[in-house]
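Everything on this sheet refers to the single structure shown next.
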Amino acid sequence: MTAPQPQRPAEHVERVLCVLAHPDDVDFGSAGTVATWTAAGTEVTYCIVTDGDAGGFDETPRDRMGPLRREEQRAAAMEVGVEDVRFLGYPDGRLELTLDLRRDISRVIRQVRPQRVLTSSPERFWERVGASHPDHMTVGESTLRAVYPDARNPFAFPELLDDEGLEAWTVPEVWLGASPRADHAVDVTDVVDRKFAALKSHVTQVSHQPEGWVEEFVGGWMRQTAQRFGLPEGRMAEAFHVVFTG
């Protein structure tokens, strides 16, 4: 018998939902990929679980940090063609795997009805432990549970259907960022300036770095990723573990 061919992501989808823990998470890991999607006509929605109120590197009062970071994320989203940015308002740094969080992510999945969801890996990445913030792993696991079984099951969180009219929705693909099992790379070289612009929109997070840090440090990550996946010299890439939900 011929061995089955490995499944590949869809060439194009109409709608993508990105579910990440903090403002800037999507931009550090995935904004180049998002820019390629929006350029191809895909409608992308961001769902940011916290306001990032525990972030920053200066004396900005904590009650101002959350609103600042919301605005930074909206500005960053515009740089890569994303207009729909939603915040769930959970506390930064204190996320737990709860039914409430699963329900709230399931709600957004049923509202957006995406054919692809991008989120963070629920697995710890030991070689890049900084990528495995507890909030990231919690959001990744919560999102996977929302994709399967919650969002597709009309009897899970029945209030979403009974009170809000949100019918069940099945997501065919989940893309996991910062994964130790990355198996798919996206060449973002041609849109990398848009990713860098998005990152620089997060002034509270990157302005303490030296001039050129975004291009050198983040660009270095992407060049290493491209090399690891066999792309030509000088290319830049973002990598994901693509999961097919059946």
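Each reported figure results from applying straightforward, stated rules to the coordinates on display, with no laboratory input. Model, not experiment: these values are computed from the prediction. All Cβ positions, glycine included, derive from the backbone under ideal geometry; neighbour counts span all protein chains shown.
Select from segment 121-150 the residues that are among the hydrophobic types (A, V, I, L, M, F, W, C) and under 18 Å from the mean Cα position of the chain (by Cα) and list them in ascending order.
Across segment 121-150, the qualifying residues are PHE125, VAL129, ALA131, MET137, VAL139, LEU144, ALA146, VAL147.
Could you give me the residue pairs with C-beta distances under 6 Å whose first residue belongs to segment 199-213 and is more than 23 Å from THR33 (Cβ to Cβ), whose second residue is in a helix (DSSP H, G or I) wherever it lies, and which are 6+ apart or on separate chains?
Close Cβ pairs satisfying both conditions: THR204/LEU68.
Is one or more of the residues making up segment 142-152 acidic (Asp, Glu) and either surrounded by 15 or more Cβ atoms within 10 Å (Cβ to Cβ) or under 20 Å from VAL44 (Cα atoms) (or both)? Show your work before the answer.
At the first step, the residues of segment 142-152 found to be acidic (Asp, Glu) are 150.
Still in the list and also either surrounded by 15 or more Cβ atoms within 10 Å (Cβ to Cβ) or under 20 Å from VAL44 (Cα atoms) (or both): 150.
Yes, some residue in segment 142-152 is acidic (Asp, Glu) and either surrounded by 15 or more Cβ atoms within 10 Å (Cβ to Cβ) or under 20 Å from VAL44 (Cα atoms) (or both).
Taking segment 18-57 as the search range and keeping residues that are among the small types (Gly, Ala, Ser) and closer than 15 Å to ALA239 by Cα, which one is surrounded by the most Cβ atoms within 10 Å (Cβ to Cβ)? It would help to see each step written out before you state the result.
We begin by selecting, within segment 18-57, every residue among the small types (Gly, Ala, Ser); these are 21, 29-32, 35, 39-41, 52, 54-56.
Filter again for closer than 15 Å to ALA239 by Cα, leaving 29-32, 35.
On the way: GLY29: 25, SER30: 27, ALA31: 29, GLY32: 27, ALA35: 25.
So the residue we want is ALA31.
Is there a residue being surrounded by 15 or more Cβ atoms within 10 Å (Cβ to Cβ), over 30 Å from PHE155 (Cβ atoms) and in contact with a Lys or Arg (Cβ under 6 Å, 6 or more places away or on another chain) anywhere in segment 82-97?
Yes - at least one qualifying residue is present in segment 82-97.
Please state which of the following conditions LEU161 fails to meet, knowing it meets all the rest: (1) touching a residue at least 12 places away in the same chain (Cβ under 8 Å); (2) farther than 27 Å from THR60 by Cα; (3) touching a Pro at 6+ places or on another chain (Cβ under 7 Å).
(1)
Would you please name the residue that is nearest to GLY56 (Cα to Cα), looking only at residues in segment 207-246 that are outside any loop (DSSP other than H, G, I, E, B), among the β-branched types (Val, Ile, Thr) and touching a strand residue (DSSP E or B) at 6+ places or on another chain (Cβ under 7 Å)?
Checking each candidate, the answer is THR225.
Please go through segment 195-206 and give me each residue that is in a loop (DSSP other than H, G, I, E, B) and more than 16 Å from the chain's Cα centre (by Cα), ordered by number.
SER201 - this is the single residue of segment 195-206 that is in a loop (DSSP other than H, G, I, E, B) and more than 16 Å from the chain's Cα centre (by Cα).
So GLN73 fits all but one of (1) in a loop (DSSP other than H, G, I, E, B); (2) surrounded by 16 or more Cβ atoms within 10 Å (Cβ to Cβ); what number is the exception?
If we test GLN73 against (1) in a loop (DSSP other than H, G, I, E, B); (2) surrounded by 16 or more Cβ atoms within 10 Å (Cβ to Cβ), just (1) comes out false.
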